[in-house]
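Every read-out reported here was derived from the displayed coordinates using simple, explicitly stated rules and does not represent laboratory data. All of these numbers come straight from a predicted model, not from anything done at the bench. A quick note on method: Cβ atoms are made from the backbone with ideal geometry, for glycine too, and the neighbour counts reach across all protein chains shown.
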Amino acid sequence: MSTELTPPQRRRLRLLRFTLLGAVSSALVALLLLGVVLLRGGSRTLLLVLGFIVVESMTSAAVLGAFAKCPACGARLGAAAQGLLPARCGSCGVELR
Ligand SMILES: [Zn+2]
């Protein structure tokens with residue numbers, strides 16, 4: 001079995017990684033803003049909104065990571081922590097680069 005992804009599979013992987021990264025980085029940015037607001041004493045509403053964004057983006061990153069599928073064989077890639085994908089598929093061994 002080939003350990004290389006075909007171009008369409010690679011595109012799907014890139015999209016998946018992009019979505020994961022987007023969710024993780026928006027969680028980090030919201031967390032950072034939350035820290036700033038906490039330190040400088042912002043409004044309660046702002047805190048709630050930022051808190052919600054942090055929780056929401058972390059949840060979507062976790063869900064996306066947990067349900068991410070191998071673009072080659074469709075096997076679940078497993079709960080990759082912090083929204084990061086494993087280096088290769090545990091099922092078919094294709095490289096996930
Ligand atoms: Zn696979």
Of all residues in the stretch 52-97, how many are surrounded by 15 or more Cβ atoms within 10 Å (Cβ to Cβ) and assigned to a helix (DSSP H, G or I)? 10
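Limited to the stretch 1-25, what total is found for residues that are surrounded by 13 or more Cβ atoms within 10 Å (Cβ to Cβ) and charged (D, E, K, R)?
Of the residues in that region, 4 qualify.
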